[in-house]
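The values are calculated or read from the model by the stated rules, or taken from the named source; none is laboratory data. Keep in mind it's a predicted model, so treat the numbers as computed, not measured. Cβ atoms come from the backbone with ideal geometry, glycine included; neighbour counts cover every protein chain shown. Side chains included, ligands, DNA and RNA excluded: accessible areas come from the protein's heavy atoms. Shrake-Rupley method; radii C 1.70, N 1.55, O 1.52, S 1.80 Å.
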Amino acid sequence: MRAEGDLIYSEAGTASPKVARFSATHGFEGAEFLAGIPGTVGGALAMNAGCYGSETWDVVARVQTISRAGKLSERGPDEFEIGYRHTALRRARLGEDEWFVAAWFRFRAGDQKVARKRIKDLLAMRLATQPLELPNAGSVFRNPPGDHAARLIEAAGLKGRDIGGARISEKHANFIVNPKGRARASDIEALIKLARDTVMSRFGIELVPEIRIVGEPA
């Protein structure tokens, strides 16, 4: 990471919370929400990750990408289709994928103490409401329009339900935890299917996974 005038530059492999702390240290405000995103800058860009009312692409000035052929490009937000937990390059054609290498963020000038306090408050809120003390992959489902996935899963009576070594968290129903470190991918995927099927059956609402499953079905 580095400060470049009124921008903060970060490579894609940097942990998002580090960007929040680095920005605060350099006298910027507006990056604090990144402290609540447990992933990298590249992942935050790819999913338009967000929390507490802010999303990653709200603060992106431009990005650097690399193509399958190894070509580096700098692109602005207007070159992407950006939505809720969704980012896609406009006019991309089959076989012309690009991956994020880095980003330049634009935050507002502010008070370092104020920014650091907000980071501390947001992290305390996360610890109080999410099962961060147990292994997990973050929020499992996107929130349906006008509702919350956690509320629907809890209302369906699935809080605490377990399959194999995996469990739907009692603290936050949109998290699947691995309390004893024994869960298999198939256990987690079975709970995802159970939650989707039950919520659809009970409320007629389709839960869309926010996490991405890579590889062959377990």
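Here are the numbers for this structure:
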| quantity | calculated |
| --- | --- |
| Rounded to 10°, Cα long-axis angle of helix 185-203 versus longest principal axis of the chain | 80 degrees |
| Cα centroid of segment 1-67 to Cα centroid of segment 171-198, whole Å | 29 Å |
| Cα-based Rg and Dmax for segment 4-102, where Dmax is the largest Cα-Cα distance (Å) | 13.4, 42 |
| Chain lengthening between ASP97 and VAL214 when straightened (0.36 nm per residue, less Cα-Cα) | 40.4 nm |
| 22 Å Cα-Cα reach of LYS113 towards lysines, excluding residues that sit fewer than 8 places from it in its own chain | LYS18 |
| Peptide ranges 101-107, 143-149 listed from the most packed, as the mean C-beta count within 10 angstrom indicates | 101-107, 143-149 |
| Share of carbon and sulfur in the accessible heavy-atom surface of segment 33-82 [1.4 Å probe, %] | 49 percent |
| Carbon + sulfur, % of accessible area of segment 104-176 - ligands and nucleic acids excluded, 1.4 Å | 53 percent |
| Loop-located trypsin sites (Lys or Arg not before Pro) in segment 11-96, at most 12 other Cβ atoms within 10 Å (DSSP) | ARG68, LYS71, ARG90, ARG91, ARG93 |
| All lysines inside 23 Å of LYS159 as judged from Cα atoms, apart from same-chain residues fewer than 8 positions distant | LYS171, LYS180, LYS193 |
| Which labelled figure in (1) -1.53; (2) -1.27; (3) -1.10 is log10 I(q)/I(0) by the Debye sum over Cα atoms at q = 0.18 Å⁻¹, once derived from the coordinates | (2) |
| For segment 135-193, convex hull volume per residue from C-alpha positions, Å³ | 73 Å³ |
| Loop-located GluC sites (Glu not before Pro) in segment 180-218, at most 13 other Cβ atoms within 10 Å (DSSP) | GLU206 |
| Estimated [θ] at 222 nm from DSSP helical runs (n ≥ 4, -39500 (n - 2.57)) normalised by residues in the chain, nearest 500 | -8500 deg cm²/dmol |
| Rounded, prolate or oblate (a/c below 1.5 giving rounded, otherwise prolate when a/b exceeds b/c) for segment 58-128 by Cα gyration tensor | prolate |
| Efficiency of FRET between PHE203 and LEU123 - r from beta-carbon atoms, R0 41 angstrom, step 0.05 | 0.80 |
| Residues whose placed amide H lies under 5 Å from that of GLU170, excluding near-sequence neighbours | GLY160 |
| Global geometry of segment 93-184, whether rounded, prolate or oblate, following the gyration tensor of its Cα atoms and the 1.5 cut on a/c | oblate |
| Rounded accessible area of SER139 (nearest 10 Å², 1.4 Å probe) | 40 Å² |
| Solvent-accessible area per residue for segment 72-175 (1.4 angstrom probe, square angstrom) | 59 Å² |
| ³J(HN,Hα) computed for each position of segment 48-56 - Karplus, 6.51 cos²θ - 1.76 cosθ + 1.60, integer Hz, glycine/proline x | 6, 4, x, 6, 6, x, 10, 10, 3 |
